[in-house]
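Below: one structure in structure tokens.
Only the coordinates and a few stated rules stand behind these numbers; no lab work does. The model shown is predicted, which means the values in this text are computed figures rather than measured ones. As a convention, Cβ positions derive from the backbone with ideal geometry for all residues, glycine included, and neighbour counts pool all protein chains shown.
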Amino acid sequence: MGLHVAISVQGLTRRFGAREALLDVTFEVCQGEVFGFLGPNGAGKTTTIRILTGQLKASAGNVSVLGLDPALRGRQLRRRVGLSSEDAGHYERLSVASNLAFFARLHGVGPGRCEELLRSFELWERRREVVSRLSRGMRQRLALARALIGDPELLFLDEPTAGLDPRAARDVRERVQSLSASGKTVFLTTHSMEEAQELCTRVAILDRGHLLVCDHPDALRQGGTLEEVFLRLTGRRLHETVEEPASSRI
């Protein structure tokens, strides 16, 4: 685990009307680790990422990402982080290469970086193909390439393997491991037991906006599988969905 803190969250609370989507959440992420944010759909994982990347403001608490307050210096922060979400928002009618080139221009990155990423993610031969024709696995590769276009220090991956077939999911996990080995800090949200246990140096379990536990996967497994830990802590299974307020997904 790294010695320096990449993300510091103290007493984070986010309300949507009368609903508390996050309540008094506290944790730290060290530089160079893969930090797993685990919980069922609707637990508050995506809301947390939106706050950490400056897309939403916290209702209460203190947040620091790479030494910056996302609410005050979000534009500066986004130059240093990458984000890949389940709904990546590709431009469907544009080619793979054009999609990546568009975001390269936003980051002030030249065409050489695009070619490097297209080749690295095995998309070079598909670069002229329109995105609407890509498989879900290929789309996820493009989303990861886009998240890396600016060579970020910190990468947020929001459910990166959701809906993928086993082979495509394995490919994404291998790439996360490669990113970690290269020194990147990765904040990974997931509801996959296998993913958390395989990739993460530490795992935080979130339920209905409450942080239940944060520890190394091996320490949590001493009390059973992570699925069993969640069941013991909450009385519910991990894959039960809790609806987030619609405003948290805007």
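Just to confirm a number: summing +1 for Lys and Arg and -1 for Asp and Glu over residues other than Leu77 whose beta-carbon lies under 11 angstrom from that of Leu77, what do you get? Can you show the working numbers first?
Working: positive: Arg73, Arg75, Arg78, Arg79, Arg80; negative: Asp69, Glu153.
My count for the surroundings of Leu77 gives +3.
Once you put a point 7 Å from the Cα of Ser132 and another 7 Å from the Cα of Asp69, both along the Cβ direction, what distance in nm separates them?
Rounded to a tenth, the inter-label distance reads 4.5 nm.
Let's test the formula: R0 of 25 Å, r as the Cβ-Cβ distance of Arg79 and His4. What FRET efficiency results, to the nearest 0.05?
Efficiency computed from Cβ-Cβ geometry: 0.85.
Once label points are set 7 Å from the Cα along Cα→Cβ at both Leu233 and Ser120, what is their separation, rounded to one decimal in nm?
3.3
Let me spell out the model: positive unit charges on the Cβ of Lys and Arg, negative unit charges on the Cβ of Asp and Glu, origin at the Cα centre of the stretch 81-151. What dipole size does that give, in debye rounded to 20? Working shown, then result.
Numbers: 12 positive and 9 negative charges, 41 e Å.
That gives the stretch 81-151 a dipole magnitude of about 200 debye.
Can you tell me the orientation of helix 166-181 relative to the chain, as the angle in degrees between its alpha-carbon axis and the longest Cα principal axis, to the nearest 10?
It works out to around 80 degrees.
Still on this structure, I have one more. Would you please classify the overall shape of the stretch 1-79 from the alpha carbon gyration tensor, given that a ≥ b ≥ c denote the square roots of the eigenvalues, rounded means a/c under 1.5, and beyond that prolate means a/b larger than b/c while oblate covers the rest? Please report the intermediate quantities before stating the final value.
On the way: a/c = 1.85, a/b = 1.30, b/c = 1.42.
Here the stretch 1-79 falls in the oblate category.
Sort all Cα-Cα distances of the stretch 81-151 into consecutive 5 angstrom bins from zero, then give the percent of pairs in each bin up to the one containing the longest distance.
All Cα pairs considered, the percentages come to 4, 19, 34, 28, 13, 2.
Full-extension gain between Gln197 and Asp24, please, as 0.36 nm times their residue separation minus the C-alpha to C-alpha distance. Walk me through the numbers on the way to the answer.
Details: separation 173, 0.36 × 173 = 62.28 nm, distance 2.56 nm.
Here the segment from Gln197 to Asp24 would lengthen by 59.7 nm.
For the residue pair Ser98 and Asn62, what label-to-label distance in nm results when each label sits 7 Å from Cα along the Cα-to-beta-carbon direction?
With each label point 7 Å from Cα toward Cβ, the separation is 4.8 nm.
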